[in-house]
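The values are calculated or read from the model by the stated rules, or taken from the named source; none is laboratory data. Because the structure is predicted, anything quoted here is derived from the model rather than measured. Neighbour counts are summed over all protein chains in view; Cβ atoms, including those assigned to glycine, are modelled from backbone coordinates with ideal geometry. We work out accessible area using only protein heavy atoms, side chains counted, and drop any ligands, DNA or RNA first. Shrake-Rupley method; radii C 1.70, N 1.55, O 1.52, S 1.80 Å.
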Amino acid sequence: MSRPPSSTRATSSARVAASSSSSSSSRSTTSSRPTSSTRPTAGRPQERPSGRTTGLASSAARFQRRAQEVRRRPVRLGAYAAGLLVVIGFLVWVVAFSPVLAVRTVDVVGVPASEVGPIRDLAAVRLGEPLARVDQDLVAARVAERATVADVSIERSWPSTLVIHASPRVPFLVVKNPQGQLKVVDEEGVAYAQVSAAPKGVPVVDAASDSALSKDALAAAVSVVRVLPASMQHRVGKVTVSSANLVTLTIGRTTVVWGGVQEPERKLAIMTALLKGSPKVVDVSAPDTPVTR
């Protein structure tokens, strides 16, 4: 049997190799395409992962944060309360116990310069004492013991000054006792100072006895001097107080028996009318039954 020529065999081998290569390439292409199970179906929306798992995780996180806030709240409130107590305690210490706001100056106002020193000494306020702890009522009571002081009030002037407001008594009349001594009396009938001469413009009243120097007797004398009008005061020669119920005065040549402190305006009106007859004595101590002689 005759063999095919060598060229023919080579050609056949090449064809077989090409065919094998083509089949292998076709299989490779086919295996790379998606199968029907993984290929999306036309017209059907692609499925997405559910959000339920994400929502549950978020809710759990929020719940955990809220629980932590609830657990921390008492601790936070306790810290705030402790801090507030520390601040309050510090302020109390500064105001009431520390030397920061202690008394360094005691001022006395409202009185003549000659009264400042005695009043400050009488107040007996200790320098260095916390200003908030100064007993104002006690200091006022001490100062009120001074006869020349009519009224007193105490004021704290921060940070370190205590102010004593004192009102001096104002002379209303001068009473001359049986020993010839002169005592100044204010409008309330309080004898508060002894002087060598009556202040200018202040009327002088004679006390018939030492009992006539009582506060009630002096108040009766004050009631007479207060009610007399200025037009009549220059005509008054002498005012004598014997007791709380007996004050007499001379107006010109007439002696007026005034009596006590009752109904001063009515007594004045009756006395003024009766003086027109120039009597020697006018008695208005009982204004319902006045007497002239």
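Worth a mention:
- Equivalent-ellipsoid semi-axes of the stretch 206-293, from the Cα gyration tensor, Å, largest first: 20, 13, 12
- Cα gyration tensor, the stretch 150-256 - rounded (a/c under 1.5), prolate or oblate: prolate
- For the stretch 133-179, the Kirkwood hydrodynamic radius from C-alpha pairs, put into Stokes-Einstein at 4 °C and a viscosity of 1.567 mPa s, yields a diffusion coefficient of 103 µm² per second.
- Sequence-distant residues sharing a close amide H with Val281 (under 5 Å, placed H): Thr255, Arg293
- With contacts taken as Cα pairs under 8 Å and at least 6 residues apart, the stretch 113-175 reaches a relative contact order of 25 percent.
- Contour minus Cα-Cα distance for Ser243 and Ala79 (0.36 nm per residue): 51.5 nm
- A straight Cα-to-Cα reach below 24 Å connects Lys276 with the lysines Lys238, Lys267, residues fewer than 8 places away in its own chain not being considered.
- Nearest-0.05 FRET efficiency for Val281 and Gln181, computed from C-beta distance (R0 35 Å): 0.75
- Within the accessible area of the stretch 158-228 (1.4 Å probe), percent carbon and sulfur: 52 percent
- The stretch 64-113 - Kirkwood radius from inverse mean 1/r over Cα pairs (Å): 15.0 Å
- Computed Rg/Rh of the stretch 114-211, alpha carbon atoms with Kirkwood Rh: 1.12
- Mean accessible surface per residue for the stretch 132-262, computed with a 1.4 Å probe while every protein chain stays in place, in Å²: 50 Å²
- Each residue of the stretch 134-147 is assigned a 3J(HN,Hα), and the resulting list reads 5, 7, 5, 5, 5, 5, 4, 5, 5, 5, 5, 5, 6, 5 Hz, derived from the Karplus form 6.51 cos²θ - 1.76 cosθ + 1.60 (θ = phi - 60°), x at Gly and Pro.
- Whole-percent carbon and sulfur share, accessible surface of the stretch 90-144, 1.4 Å: 63 percent
- Taking packing as the residue-averaged number of other Cβ atoms within 10 angstrom, the listed peptides 137-147, 69-79 run from highest to lowest as 137-147, 69-79.
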